[in-house]
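The values are calculated or read from the model by the stated rules, or taken from the named source; none is laboratory data. From a predicted model like this one, the values you see are computed outputs, not experimental measurements. Here the Cβ positions follow ideal geometry from the backbone for every residue, glycine too, while neighbour counts run over all protein chains shown. Ligands, DNA and RNA are excluded from the accessible area calculation, which covers all protein heavy atoms including side chains. Shrake-Rupley method; radii C 1.70, N 1.55, O 1.52, S 1.80 Å.
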Amino acid sequence: MSQSALEKIEQRTAQVAVVGLGYVGLPALLRIAAMGFPCQGLDIDASKVAAAQQAGVAATTDPAVAIGEADVVLICVPTPVDENRKPDYGPVIAAGKSVAPHVGPDTLVILESTVSPGSTEEVLLPLLAEGKSPQEVPMVAHSPERIDPGNHDWDVHNIPRVVAGHTAAAGDVAAAFYETIVDAPIKRMSSLRAAEAVKVVENSFRDINIAFVNELSLGFERLGLDVHEILDGAATKPFGFMRFSPGCGVGGHCIPVDPYYLIEQARREGFEHRFLILAREINEAMPGHAVDLCAAVADEAGFALKSANVTVLGLAYKPGIGDTRESPAIVIRDTLQGRAKSVRTHEPYAPGDATHESIADALAGADIVILATGHDEYRRITPQMLSEAGVRGVVDGRTFWDASAIRAAGIVYRGIGRP
Ligand code: SAJ
């Protein structure tokens, strides 16, 4: 009798395939290989396959090669939203179709992508079961990924996981698998839907709390209060408060996206998540507010935004990386292009996406500088550098610079949530 997937996992002889070699799949594949499992990566993008191979793991664009002998298959593909903010299951559907012909009753397929409650059962499982008798359908589980790009303290090896199977047996095998690759608690959830709900709740929690401090910023600008001082004060409370930072917007492929998976699913069931929707509206309005602050700075400095050369520092959605997906800085750049005389950009982690590679060149001749991404590289920009470049106004989108030092240099300063 062939060894069961559980026995193979315990002996680390289970063949593991990882579908999708992006910021989630590649670290997972490397960790699985490091734990001694024979494994293969699969991606539709040959450059991602090459990157995995260069990182020392096997990878291919051929599903038959990657999945053919697999006992465990992880699906780690994107789950974006479309231009109407509707969940886009295209990558999950494509991955399910590429996996389906090569899996059988002894294979465990785990969806790690962030999806709304019910999706593993309603979207993926039917694809895997197509053309198969009930006895031939693979085991299916869900364990939402929790990778935080750029975070060096927490990654796939030490982030706790939640997991559930569409059957108890699938859940047992999935939990056993994660217990071999993760040095952290693995929490069994009662159902696939419960496991799916955990992730969208985690990220919706973050989005609404950022919206809270962003809305406070808009109010405090009018009250002449510095929201950062207030939040620092509130953060001295040792319990019952979690500090978030206001800014020029919320980007990335998680926080501004995941709430829509819950909003749409609940809407289909007749419930309107008014609070989640409002939080999204507040956060999506922040780039526009940052551009309005550019106009306010121009007015105060005695010129019009439409005659100003503006430099946008940062295009990425968060510091220390070059990922510009859903980035507020991109919205700021594009909005300014319709309101300023010229717009130049700088992005140290994705120079090819920007107009200027050096900070000095990006600053030279700028009337207004807006800091949109809080890259550490921008900490060395001094009021003197700004003055010498001819800068007359600054909008600090991430509360990054010293307002009084910039004002002392005769430069108009406005910051999100600052007087
Ligand atoms: N942001 C704020 N204020 C904050 C925190 C973030 O404006 O207080 C903005 C950031 O500038 C960025 C966006 O929100 O534009 C998202 O920032 P993020 O720190 O949440 O970074 P992400 O998108 O990489 O979120 C990931 C998520 N990980 C997964 O989805 C697996 C999220 O669940 C994590 O909570 C987050 O990392 C984290 O904790 O760093």
Exercise. Please enumerate the residues belonging to region 212-235 that are within 29 Å of I147 (Cβ to Cβ) and either modelled with pLDDT under 95 or not in a helix (DSSP H, G or I) (or both).
Key: A235
Exercise. Please indicate, with yes or no, whether at least one residue in region 111-126 is within 27 Å of I263 (Cβ to Cβ), touching a Cys at 6+ places or on another chain (Cβ under 9 Å), crowded, with 24+ Cβ neighbours inside 10 Å and of a type in the set (A, V, I, L, M).
Key: yes
Exercise. Could you check, for region 260-281, whether at least one of its residues is crowded, with 20+ Cβ neighbours inside 10 Å, over 30 Å from T311 (Cβ atoms) and touching a strand residue (DSSP E or B) at 6+ places or on another chain (Cβ under 7 Å)?
Key: yes
Quiz item: Can you find a residue in region 308-330 that is in contact with a strand residue (DSSP E or B) (Cβ under 8 Å, 6 or more places away or on another chain), open to solvent by 10 Å² or more (accessible area, probe 1.4 Å) and of a type in the set (A, V, I, L, M)?
Solution: no
Practice problem: Could you give me the residue pairs with C-beta distances under 7 Å whose first residue belongs to region 260-289 and is more than 14 Å from the ligand (Cβ to nearest atom), whose second residue is modelled with pLDDT of 95 or more and of a type in the set (G, A, S) wherever it lies, and which are 6+ apart or on separate chains? | Solution: E264/S116; Q265/S116; Q265/G118; H273/A266; L276/S204
Self-check item: Test for K187: is it within 13 Å of the ligand (Cβ to nearest atom), closer than 30 Å to R12 by Cα and either in contact with a helix residue (DSSP H, G or I) (Cβ under 6 Å, 6 or more places away or on another chain) or at pLDDT 95 or above (or both)
Solution: no
Exercise. Test R206 against the criterion of being within 16 Å of the ligand (Cβ to nearest atom), assigned to a helix (DSSP H, G or I) and at pLDDT 95 or above, and give yes or no.
Key: yes
Quiz prompt | Of all residues in region 6-24 being open to solvent by 10 Å² or more (accessible area, probe 1.4 Å) and over 25 Å from the mean Cα position of the chain (by Cα), the one that is farthest from L111 (Cα to Cα) | solution = Q11
Exercise. Please list, ordered by first then second residue, the pairs with beta carbon atoms under 7 Å, 6 or more apart or interchain, first in region 108-121 and farther than 10 Å from V77 by Cβ, second in a helix (DSSP H, G or I) and of a type in the set (S, T, N, Q).
Key: S116/Q265; P117/Q265; G118/Q265
Exercise. Quickly run through region 131-157 and pick out the residues that are within 16 Å of the ligand (Cβ to nearest atom), out of contact with any helix residue (DSSP H, G or I) (no Cβ under 9 Å at 6 or more places or on another chain) and either on the phi > 0 side of the Ramachandran plot or open to solvent by less than 60 Å² (accessible area, probe 1.4 Å) (or both).
Key: D148, P149, G150, N151
Self-check item: Number of positions in region 1-49 that are out of contact with any strand residue (DSSP E or B) (no Cβ under 8 Å at 6 or more places or on another chain) and closer than 18 Å to C76 by Cα
Solution: 10
Practice problem: Can you work out which of the residues in region 204-228 that are acidic (D, E) and open to solvent by less than 40 Å² (accessible area, probe 1.4 Å) is farthest from Y260 (Cα to Cα)? | Solution: D226
Quiz prompt | Matching residues, region 387-405, being among the hydrophobic types (A, V, I, L, M, F, W, C) and surrounded by fewer than 24 Cβ atoms within 10 Å (Cβ to Cβ) | solution = A389, F400, W401, A403, A405
Exercise. Would you be able to tell me the number of residues in region 406-419 that are touching a Phe, Trp or Tyr at 6+ places or on another chain (Cβ under 9 Å) and either open to solvent by less than 10 Å² (accessible area, probe 1.4 Å) or of a type in the set (K, R) (or both)?
Key: 6
Quiz item: Taking region 351-408 as the search range and keeping residues that are at positive phi and touching a helix residue (DSSP H, G or I) at 6+ places or on another chain (Cβ under 9 Å), which one is farthest from the ligand (Cβ to nearest atom)?
Solution: G390
Quiz item: Somewhere in region 240-256, is a residue surrounded by fewer than 16 Cβ atoms within 10 Å (Cβ to Cβ), away from the ligand (no atom under 14 Å from the Cβ) and modelled with pLDDT of 95 or more?
Solution: yes
Practice problem: Name the residue, out of V156, V72, V140, that is of a type in the set (V, I, T), in contact (Cβ under 8 Å) with a residue 60 or more places away in the chain and touching a strand residue (DSSP E or B) at 6+ places or on another chain (Cβ under 6 Å). | Solution: V72
Quiz item: Scanning region 352-386 for residues that are in a loop (DSSP other than H, G, I, E, B) and in contact with a Ser or Thr (Cβ under 6 Å, 6 or more places away or on another chain), which turns out least open to solvent (accessible area, probe 1.4 Å)?
Solution: A366
Practice problem: Give the number of residues within region 209-239 that are out of contact with any Leu (no Cβ under 8 Å at 6 or more places or on another chain) and near the ligand (Cβ under 8 Å from one of its atoms). | Solution: 3
Quiz item: Somewhere in region 331-338, is a residue open to solvent by less than 30 Å² (accessible area, probe 1.4 Å) and touching a residue at least 40 places away in the same chain (Cβ under 8 Å)?
Solution: yes
